[in-house]
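The values are calculated or read from the model by the stated rules, or taken from the named source; none is laboratory data. Fair warning: this is a prediction, and the values are worked out from it, not measured in the lab. Every residue, glycine among them, receives a Cβ derived from its backbone with ideal geometry; neighbour counts consider all protein chains shown. The accessibility values were calculated without ligands, DNA or RNA, using every heavy atom of the protein model including side chains. Shrake-Rupley method; radii C 1.70, N 1.55, O 1.52, S 1.80 Å.
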Amino acid sequence: MNYLLLTTLLTTAVCCVLSLNIKRGGQHWYQGNNGVRLNCISMQSGRGDYWFQSETSGSQTVCGMYVIAAEDEIVEMRFMEFDISCDNKGMISVLDGWELQNQYFPTSEDHALPMTERTKMFCGTDVPQATKVFVSTQNVAMIHFRIPKIGQGFKVSLSFKKTYQPCNVLSMFDEGTYTLRNYGRPGNCSFAIIYPQKISLESINVGMTAETPSQTRETGVIKKCSPYVDYVELLDGGSLSTSQMTKKAEACGLASEVEGFTQILGCQNSVVRLVSSGQFHNSVRFTFSPIQAMETQCTAQP
């Protein structure tokens, strides 16, 4: 696992965007409580309690806590303490997914809920009952917060729950094997890696197998899927959002073993995206691995 690299890439990108001056130290706001003190920008993947206390007065800096779980887990955030004045634009918001530079993962097109239901914003001294426990629908979630009043802050407890039908996944690994499935449901599922990658298909069953068992013959990999409505596409780009990425390849068909289908995705973000109508039980198994520097050529959309 190249978790350190992922942390560095994400933190550097966010810090550059916000031009932050991250500071440590200061007195503990929650005296007598255990937990991890957050920086203005942080990424967390461990269970436990986390807290933040503002050390400046009048700051309009928007901070972020990015949470990532294992591929087959969802995130649960439970607010334990909360004191953020609504004055001077003080606020905290939780997001079902990740956001960076107004780019979202998953995108609105690939998420079952509208954005109005994926985000909750509040301020004051008490968290609304409906938001005290916030549960994501994939393995990433985040908290945005702006706390202009010195000494104010919040405390949140993180836990993770197993999900047996994961759809959208942001990987904390830069190498491995994964099977993306739609479980017979309509909609799009994406597996995203925040690295340039080499993707190799190992097996595919997309647009071929209905719910009722049949003697479907293997077609092999079909690389031009129109007029099929179900397909898998390989995307890359500099954006976190799949809608702003470039399609480098697509595939559909049925093949229990795939040979020779490898695609280099040379941009910073790489995605395997399964588009499903709900008429078929789709699945695609693939390996992903880092590419050499000489292979890193990004021709993404501007």
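For Cys189, the conditions (1) in contact with a helix residue (DSSP H, G or I) (Cβ under 9 Å, 6 or more places away or on another chain); (2) hydrophobic (A, V, I, L, M, F, W, C); (3) open to solvent by 10 Å² or more (accessible area, probe 1.4 Å); (4) modelled with pLDDT of 95 or more all hold with the exception of (3).
Scanning region 254-268 for residues that are β-branched (Val, Ile, Thr) and over 26 Å from the mean Cα position of the chain (by Cα) yields a single hit, Val258.
Only one of Asn102, Asn139 is under 14 Å from the mean Cα position of the chain (by Cα) and without any contact (Cβ under 8 Å) to a residue 60 or more places away in the chain; which? Spell out how you get there, then give the answer.
Working: Asn139 fails: without any contact (Cβ under 8 Å) to a residue 60 or more places away in the chain.
None of the other options fit; the residue is Asn102.
Mind checking which residues of region 83-98 are surrounded by 18 or more Cβ atoms within 10 Å (Cβ to Cβ) and in contact with a Gly (Cβ under 8 Å, 6 or more places away or on another chain)? Matches in region 83-98: Asp83, Ile84. Within region 108-117, is even one residue touching a residue at least 24 places away in the same chain (Cβ under 8 Å), open to solvent by 30 Å² or more (accessible area, probe 1.4 Å) and of a type in the set (A, V, I, L, M)? Among the residues of region 108-117, at least one is touching a residue at least 24 places away in the same chain (Cβ under 8 Å), open to solvent by 30 Å² or more (accessible area, probe 1.4 Å) and of a type in the set (A, V, I, L, M), which makes the answer yes.
Could you tell me whether any residue of region 154-177 is of a type in the set (Phe, Trp, Tyr), over 23 Å from Phe288 (Cα atoms) and part of a strand (DSSP E or B)?
Restricting attention to region 154-177, the residues satisfying the condition of being of a type in the set (Phe, Trp, Tyr) are 154, 160, 164, 173.
Pick out the ones that are also over 23 Å from Phe288 (Cα atoms) and you get 154, 160.
Cutting the leftovers down to part of a strand (DSSP E or B) gives us 154, 160.
Yes - at least one qualifying residue is present in region 154-177.
For the criterion of being open to solvent by 50 Å² or more (accessible area, probe 1.4 Å), in contact with a strand residue (DSSP E or B) (Cβ under 8 Å, 6 or more places away or on another chain) and in a strand (DSSP E or B), Lys224 fails.
Determine which member of the set Thr125, Thr137, Thr163 is among the hydroxyl-bearing types (Ser, Thr, Tyr) and surrounded by fewer than 16 Cβ atoms within 10 Å (Cβ to Cβ). Break it down into steps so the answer makes sense when it comes.
Values: Thr137 fails: surrounded by fewer than 16 Cβ atoms within 10 Å (Cβ to Cβ); Thr163 fails: surrounded by fewer than 16 Cβ atoms within 10 Å (Cβ to Cβ).
Of the residues listed, the single one that is among the hydroxyl-bearing types (Ser, Thr, Tyr) and surrounded by fewer than 16 Cβ atoms within 10 Å (Cβ to Cβ) is Thr125.
May I ask you to list the residues in region 113-147 that are assigned to a loop (DSSP other than H, G, I, E, B) and farther than 23 Å from Met172 by Cα? Even if it seems obvious, please write down each step before you answer.
Taking region 113-147 first, the residues assigned to a loop (DSSP other than H, G, I, E, B) are 113-114, 123, 125-128, 132, 136-139, 147.
Hits for region 113-147 are Leu113, Pro114, Cys123, Thr125, Asp126, Val127, Pro128, Lys132, Ile147.
On inspection, Gly153 fails the criterion of being over 22 Å from the mean Cα position of the chain (by Cα), open to solvent by less than 30 Å² (accessible area, probe 1.4 Å), farther than 30 Å from Lys89 by Cβ and touching a residue at least 40 places away in the same chain (Cβ under 8 Å). Checking Gln101 against (1) more than 25 Å from Leu240 (Cα to Cα); (2) surrounded by fewer than 17 Cβ atoms within 10 Å (Cβ to Cβ), which single condition isn't satisfied? For Gln101, the exception is condition (1).
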